[in-house]
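**Q** The structure is given below, and queries will be raised subsequently.
The values are calculated or read from the model by the stated rules, or taken from the named source; none is laboratory data. Not measured: the values here are computed from a predicted model. Please note: Cβ atoms are built from the backbone with ideal geometry, for glycine as well, and neighbour counts cover all protein chains shown. What goes into the accessible areas is simple: the full protein's heavy atoms, side chains included, and nothing from ligands, DNA or RNA. Shrake-Rupley method; radii C 1.70, N 1.55, O 1.52, S 1.80 Å.
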Amino acid sequence: MPSRKESNKMIFYGRTKQLEKLNKEISSNNMRMTLIYGRRRVGKSELVKQAIKESGIKSIYYECKQVTEESNVQSICDIISEVQELPRLGYTKVDELLDYVFELAKDENIIFVLDEYPYLRENVKGLDSILQSLVDKYRETSKLKLIILGSYVDIMKSLLEHSNPLFGRVDLVIDLKQMDYYESAMFYPNMSDEDKVRIYSVFGGIPYFNRLVDDRKTVKENIIDLIASPGARLENEVSMYLNAEISKIVNANEVFEALARGFSKYSDILSQSHVSSGPTLIDVLEKLIKMEVVEKKAPINDENNKKKTGYYICDNLSLFYFRYIFKYSSQLKIMDSNVFYDKYICNDFEERYVPHKFEEICRQYLINQNRLGNIEPVIEKIGKYYYDNPKTRTNGEFDVVSKDEIGYVFYEVKFRKRKLSQEVIDEEIQQVKNTGLNCYKYVFFSRSGFAAKETDEIKHIELAQLYK
């Protein structure tokens, strides 16, 4: 009987909507072209493999390599020969081989997958045009299901632009994002709800990372085993990902360090990092945003004010890495892992890092409930709210506020060991009112429950509700 971890590897979790869309394309009796893109490790290949598995349709799956056209062609020929039970094919050019594949699918449904398409594209001149002419040629006669995957998001997005030969030929586009907290928790079902929050705070919604989590171990053990020890499986994951995408990695590291320390405004990032100039900083930030590791947020009540816009690390592993591992890398190399964890991670992680990430989880919960039609009136905006406090002549931000047709709703998120008391709730509401923010409802999330009663104006949400 397989162990729990082996069983985990066999099971496909989440991605219900994407799988549904892909299955619909695959089951069509006509030729269909699908394009799937998203950052490394986000689960593109697994999604396609699961759809193929469920379909039962014959498939030719090839992961393109950074080798010559001829080498890639020979490898594809080998796979086709095996799938079709044919003698070895003798093609040397991509256009001739692809024409053969389209022709093969005239009599039967065949799924043809080109994974990491940009690698093939860079070694075959005019590959987009070759595919375009074949799609046009065989659109009415072939039943081929062509699926193109890629991790270089900029390149994959360019295939959809008006100037690209493939424009208008793609039937389905899937921009695969990280899983949310709820789907991620499917990978570690035996953990408590509190520990699910902690694990998501570190590893986020990347399936590859979450498959490595062992829910028979503690959060501390998983963190040490996977990232906070010399030679850990994910110790170099963040730096490798950044190096693969960014040429001047020093600038990216500087920006990440500033962001990890809590500096979010452009001027603060520029002064705190050692990036040489404003234009350089803008270039780095734009690249990190495209890579989906940093996001740009403006308050919902002043969306066009550039001075109030902030930049935040939205990739959990990157934030954890730069906050604890990159910062203390010298100490990590010479210290016992348990001592390192207790000295540099433990307290800050529990008291500041996880509570901050719990806010993001609660925001995801609200958005999910809103999409399901469980929130009335429907939320139209959700995010940070900027305020000027006339009494204290100060300004600041509330992290989670929503706006609907009636007005504003304020959310307070607490990841504390003790129950939330009426006194604390009243104090929070008074602080909000002092800023001049007029809310018609106040919602409180609490890890440990409540020692207070709900009213029409004040609502409670306990941690367990987020994982039902």
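**Q** Within segment 20-48, can you find the residues that are open to solvent by less than 10 Å² (accessible area, probe 1.4 Å) and of a type in the set (Ser, Thr, Tyr)?
**A** Answer for segment 20-48, where residues must be open to solvent by less than 10 Å² (accessible area, probe 1.4 Å) and of a type in the set (Ser, Thr, Tyr): just THR34.
**Q** Condition first: under 25 Å from LYS357 (Cβ atoms), open to solvent by 50 Å² or more (accessible area, probe 1.4 Å), at pLDDT 95 or above and in contact with a Lys or Arg (Cβ under 9 Å, 6 or more places away or on another chain). Can you find one or more residues in segment 280-292 that meet it?
**A** no
**Q** Hey, among LEU114, LEU159, LEU144, LEU127, which residue is crowded, with 21+ Cβ neighbours inside 10 Å, out of contact with any Pro (no Cβ under 6 Å at 6 or more places or on another chain) and more than 24 Å from ILE79 (Cα to Cα)? Steps first, answer last, please.
**A** Numbers: LEU114 fails: more than 24 Å from ILE79 (Cα to Cα); LEU144 fails: more than 24 Å from ILE79 (Cα to Cα); LEU127 fails: more than 24 Å from ILE79 (Cα to Cα).
Within the list LEU114, LEU159, LEU144, LEU127, the selection yields LEU159.
**Q** For residues that are basic (Lys, Arg) and in contact with a helix residue (DSSP H, G or I) (Cβ under 6 Å, 6 or more places away or on another chain), tally how many sit in segment 222-257.
**A** The total comes to 1.
**Q** Output the number of the condition that LYS333 fails; it satisfies all remaining conditions of (1) in a loop (DSSP other than H, G, I, E, B); (2) open to solvent by 80 Å² or more (accessible area, probe 1.4 Å); (3) not polar (S, T, N, Q).
**A** All conditions are met except number (1).
**Q** Here is a check on your reading of the model: is SER276 more than 24 Å from VAL354 (Cβ to Cβ), at pLDDT 90 or above and open to solvent by 50 Å² or more (accessible area, probe 1.4 Å)? Before the answer, list the steps.
**A** Working: more than 24 Å from VAL354 (Cβ to Cβ): yes; at pLDDT 90 or above: no; open to solvent by 50 Å² or more (accessible area, probe 1.4 Å): yes.
Against the criterion (more than 24 Å from VAL354 (Cβ to Cβ), at pLDDT 90 or above and open to solvent by 50 Å² or more (accessible area, probe 1.4 Å)), SER276 does not qualify.
**Q** Does VAL378 satisfy the criteria of being at pLDDT 95 or above, part of a strand (DSSP E or B) and either hydrophobic (A, V, I, L, M, F, W, C) or within 24 Å of LYS308 (Cβ to Cβ) (or both)? Don't jump to the end; show me each part of the working.
**A** Details: at pLDDT 95 or above: yes; part of a strand (DSSP E or B): no; either hydrophobic (A, V, I, L, M, F, W, C) or within 24 Å of LYS308 (Cβ to Cβ) (or both): yes.
Against the criterion (at pLDDT 95 or above, part of a strand (DSSP E or B) and either hydrophobic (A, V, I, L, M, F, W, C) or within 24 Å of LYS308 (Cβ to Cβ) (or both)), VAL378 does not qualify.
**Q** Tell me, yes or no, whether segment 433-440 has at least one residue that is among the β-branched types (Val, Ile, Thr), surrounded by 15 or more Cβ atoms within 10 Å (Cβ to Cβ) and in contact with a Cys (Cβ under 6 Å, 6 or more places away or on another chain).
**A** Within segment 433-440, the subset among the β-branched types (Val, Ile, Thr) is 435.
Within this subset, residues satisfying the condition of being surrounded by 15 or more Cβ atoms within 10 Å (Cβ to Cβ) are 435.
This time we only want the ones that are in contact with a Cys (Cβ under 6 Å, 6 or more places away or on another chain), so: none.
No - not one qualifying residue is present in segment 433-440.
**Q** Another question, if that's okay. Any residue at all in segment 49-64 that is polar (S, T, N, Q), modelled with pLDDT of 95 or more, closer than 19 Å to LYS24 by Cβ and open to solvent by 40 Å² or more (accessible area, probe 1.4 Å)? Steps first, answer last, please.
**A** First pass over segment 49-64, keeping only residues polar (S, T, N, Q): 50, 55, 59.
Now restrict to residues that are modelled with pLDDT of 95 or more: 50, 55, 59.
Applying the additional criterion that residues be closer than 19 Å to LYS24 by Cβ yields 50, 55, 59.
From what's left, open to solvent by 40 Å² or more (accessible area, probe 1.4 Å): 55.
Yes, segment 49-64 contains a residue that is polar (S, T, N, Q), modelled with pLDDT of 95 or more, closer than 19 Å to LYS24 by Cβ and open to solvent by 40 Å² or more (accessible area, probe 1.4 Å).
The rows are residues; the columns are (1) within 21 Å of THR435 (Cα to Cα); (2) over 23 Å from the mean Cα position of the chain (by Cα).
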site: LEU366; (1), (2): no, no
site: GLY383; (1), (2): yes, no
site: LYS391; (1), (2): yes, yes
site: ASN395; (1), (2): yes, yes
site: GLY407; (1), (2): yes, yes
site: PHE410; (1), (2): yes, yes
site: VAL413; (1), (2): yes, no
